[in-house]
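Notes to accompany the following structure.
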Ligand code: SAH
């Protein structure tokens, strides 16, 4: 592999939910810059690489984005094969495309590698089909958190008829609930909140739109978690999930 930057999705947490292409990129990597939602267990695929943690979890001390950009550029220009490892998919609330644009504008070759995004993983791990014939004709991925505090069109979301999957919502539960109720989503709409999806410590809390805040409080729901809102959130094909590999 020639010197370039791979922007790689590490999936939701379970190291076995990573793609073969991600594993190949890690195998070839000399420098790996890793986000803090990535399970460090995946680093077994790059035992000789220099690993640089660049976590930016909300509320924690974070590595400024500009610094991450410059670090990737510096190593790539030195001829190293760089993997930028992100949780889930690099382009779902992951700045993958911003980083790719910036690197390409600086003459660096970039390759994006898909990962399984947390919302899809969380739902499936709980046996929730995000789409279902006759029940949910689509699914909308939404972040409750914005940097510029721009507001979402909650009313349109409430009336979209699609399953909603909310990321970064733990600190915004009240807003999500109130806006969706005000937007016309029925109070009894099922809600599933899934913490640490696909990891051995995964927990799920089922409720409905009216009760989700109290339920989350009683459950002591913590980030990282995704919320699935819609009729399908009452379902649970109890799949026999094998998390032993990560236990
Ligand atoms: N690019 C990532 C999302 C990064 S934003 C992806 O595609 O999954 C961070 C948010 O993702 C968290 O606030 C949480 O809502 C969600 N998330 C990430 N990992 C998760 C996990 N294992 N379980 C539940 N939610 C998770």
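Working from the alpha-carbon coordinates of region 173-222, get Rg over Rh, Rh being the Kirkwood radius.
When Rh is taken as the Kirkwood radius, the ratio is 1.02.
Where Rh is the Kirkwood radius over the Cα pairs of region 118-246, the temperature 37 °C and the viscosity 0.692 mPa s, what D in µm²/s does Stokes-Einstein return?
This corresponds to a translational diffusion coefficient of 225 µm²/s.
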inquiry  = From the alpha carbon gyration tensor of region 115-161, can you work out the equivalent ellipsoid semi-axes (sqrt of 5 times each eigenvalue) and give them in Å, largest to smallest?
reply    = 23, 17, 7
inquiry  = For region 1-34 and region 152-218, what is the centre-to-centre distance using only Cα atoms, to the nearest Å?
reply    = 32 Å
Relative contact order (percent, whole number), region 1-42, Cα cutoff 8 Å, 6+ residue spacing = 45 percent
message = Counting just the Cα atoms, what span does region 5-113 cover along each of its three principal axes? Round to the nearest Å and put the largest first.
response = 34, 33, 22
inquiry  = For the chain, give me the percentage of DSSP beta bridges that are antiparallel, rounded to the nearest 5 percent.
reply    = 40 percent
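Please report Rg over Rh for the chain, where both radii come from the alpha carbon positions and Rh follows the Kirkwood definition. Working shown, then result.
Numbers: Rg = 18.9 Å, Rh = 18.9 Å.
Ratio of gyration radius to Kirkwood radius: 1.00.
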inquiry  = Defining a contact as two alpha carbons under 8 Å apart and six or more residues distant in sequence, what relative contact order in percent does region 126-247 show?
reply    = 32 percent
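How much of the calculated P(r) for region 69-133 lies past 14 Å, in percent of all Cα pairs?
Working: 1305 of 2080 pairs.
Cα-Cα pairs of region 69-133 separated by over 14 Å account for 63 percent.
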remark   = Note to self, the chain gives a 222 nm [θ] from helices alone (DSSP H runs n ≥ 4, -39500 (n - 2.57) apiece, / all residues, nearest 500) of -7000 deg cm²/dmol
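Please tell me the relative contact order of the chain in percent, rounded to the nearest whole number, where contacts are Cα pairs under 8 Å and at least six residues apart. Each step should come with its number before you reach the end.
Details: 516 pairs, mean separation 50.4, N = 247.
About 20 percent, as a whole number.
All of the numbers you see were taken from the coordinates with simple rules; none came from a lab. This is a predicted model, so every value here is computed, not measured.
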